[in-house]
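Derivation of every value follows stated rules applied to the coordinates shown; laboratory data play no part. Because the structure is a prediction, the values reported are computed rather than measured. Neighbour counts are summed over all protein chains in view; Cβ atoms, including those assigned to glycine, are modelled from backbone coordinates with ideal geometry.
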Amino acid sequence: MPEVPKFAYMFDKIMRHPEFENRLTTARHTSQVCASWRQIILECPSIWGNLIDLDCLQQESDAWRNEVLLRSEGAAHLAIRGKLTLTYDFLAGEYSKKGVNAFLENLLYDHWGRIYWLDIQIDCNVDRCSDRVWANLGRATRKMKFFSVSFRHNLHPVPPSFSLPPSFTLFAHDAPRLTHFHQNHIPIRKLEAFSTLTSLVLDSVSDLSIVLEICSRNHSLQTLSLFFGTHPGGPSTEGHLRHVNLPCLSSLNIVSELRLSMAFLDHVEPGPGCALELTTDSVMGSAPMLFLSPDEFVEVQRIITKYANNYFSHRSDTSLTIGLYPRSGSIRLVARRFGVYIQAFCVPDPNAQLGPVQVSTLFLGFLRTVDPAYSVKDLTLDVSLPPILDHPTIDFFLTAMPALETLSISTSDLISLLNGIDHRYLFPQLRKLVWPFSYPPRTPPPAEVTALLIPFLTRRRNLGIPIREIDFSEWSPNSLVNDGPMDVGELEEVRGLKVVWNFHQKYTRTKREHVCGTRRRKKLEERLFDDVPEPVEMCESEEES
């Protein structure tokens with residue numbers, strides 16, 4: 001008999017991970033390994049109870065669908081997943097009740113009490129769904145653990161014409177084992193009877209007070225997602241908003257309008273080190289611009305600071321990306337599991353323009369929301385013009401991130417940094433500079449950048465705290481030599497400095513590197529265009545270090 005561990009692995013995929021795709025295909029392939037494995041699978045109803053995969057069964061005959069269900073007889077639990085594309089019967093004026101459509105309806109009606117995992121997508125509008133399906137969702141379920149039923153337009157609100165009977169209550173308020181619930185725009189009221197949830201996704205609730213009430217009943221929540229959209233018109237914040245303590249909450253994901261997001265965050269105490277993903281601006285920039293008063297802006301800073309301090313105080317996260325985009329009023333703070341995306345202008349007068357001083361103050365204010373960030377070793381500054389690294393901001397970086405080793409920074413902000421502080425105190429642990437690609441025109445001029453950078457690199461080396469690497473991976477050799485931010489040939493003056501770039505050849509990019517120190521400025525340029533990679537030779541100074 002083939003290896004038992006391999007069979008155990010396949011069995012685990014089928015039985016313990018209902019979200020695992022292609023379970024039916026996996027079971028088929030596993031059964032073809034040998035006669036013993038085939039016999040085990042054929043005679044185990046529990047395996048077949050986990051193979052109700054609509055993606056696969058939709059392509060099969062009624063006989064095979066019924067055979068799969070027949071083989072699950074005797075199994076206490078059923079797991080149903082997949083996407084169902086309903087076919088419309090134009091003669092009858094309704095969706096067809098044949099094939100897999102009828103198979104699913106019968107499953108829900110005849111075997112509802114056996115289903116413990118229901119994760120399906122139905123390709124029809126929520127208001128066109130069969131009344132029989134809604135009737136099933138109103139029945140008690142003693143075994144359901146995971147519930148997610150989504151419809152075709154699940155990213156949009158339910159049509160106003162759609163309504164459920166006043167007497168309808170989801171699961172008849174009787175689902176004692178339910179741990180994962182994804183709303184997917186299914187109308188709900190308060191989920192009063194659910195107190196065992198560990199994962200909750202809500203996307204259409206009328207009042208924020210309902211969200212907080214649901215959370216207050218589920219103190220074991222570990223992951224919470226609120227997807228209300230960034231446009232105005234989400235849940236109302238009127239009425240009494242209770243404060244909720246969620247000591248087990250480790251992951252919180254919110255996509256919502258800024259004021260609504262802040263109202264919720266301010267009324268929740270998360271678990272230690274809770275990861276936060278907050279998005280209040282739309283990806284395409286279509287959300288209307290939000291203007292905050294100075295007092296509102298201070299409140300936003302206070303709330304983000306609360307979550308940032310909680311996160312960084314309990315996690316040893318070593319990477320952080322900070323972005324500021326004055327033209328769109330967007331701010332971005334991103335760590336490994338902490339992300340804040342905010343689009344809002346803080347100006348007393350909505351008609352006023354945001355000047356460089358206000359931009360710097362705004363940026364520094366949000367920087368303080370991630371203090372302390374003492375463990376950060378990899379910092380990315382993604383900032384559009386104008387430059388924002390003034391003395392207060394630089395002082396913040398030096399105080400909050402003393403362990404910084406890698407810095408990704410634009411040319412203009414690098415110049416601000418080099419002009420703004422004594423090189424001896426500029427991140428003593430800093431060893432690598434990442435230079436992002438930027439389009440011409442080049443500002444400041446390459447000659448000015450070169451005149452500042454070369455003495456900086458040389459002095460750092462003489463002080464015993466050298467910059468060991470400059471990463472030009474985002475640049476091609478042509479763009480680096482012809483349109484680069486500096487005269488790269490001058491880097492040959494810095495002994496032991498490693499220069500990294502990507503060599504483009506047909507459809508591939510190969511990472512190349514070269515250690516400087518020959519003092520022949522053309523040497524680096526020759527290596528940039530050399531299509532044959534050479535072994536890296538270590539300079540005397542690098543061997544000593």
Taking the Cβ-Cβ separation of Asn478 and Thr399 as r and a Förster radius of 35 Å, what is the calculated FRET efficiency to the nearest 0.05? 0.30
Within the set Lys306/Lys511; Lys377/Lys498; Lys432/Lys522; Lys432/Lys523; Lys83/Lys145; Lys306/Lys498, which residue pairs have Cα atoms separated by over 29 Å? Lys306/Lys511; Lys306/Lys498
Suppose R0 equals 22 Å. What FRET efficiency, 1/(1 + (r/R0)^6) with r the Cβ-Cβ distance, do Thr458 and His391 give to the nearest 0.05? 0.35
Per-peptide average of other Cβ atoms within 10 Å, ordering 394-400, 301-307 highest first: 301-307, 394-400
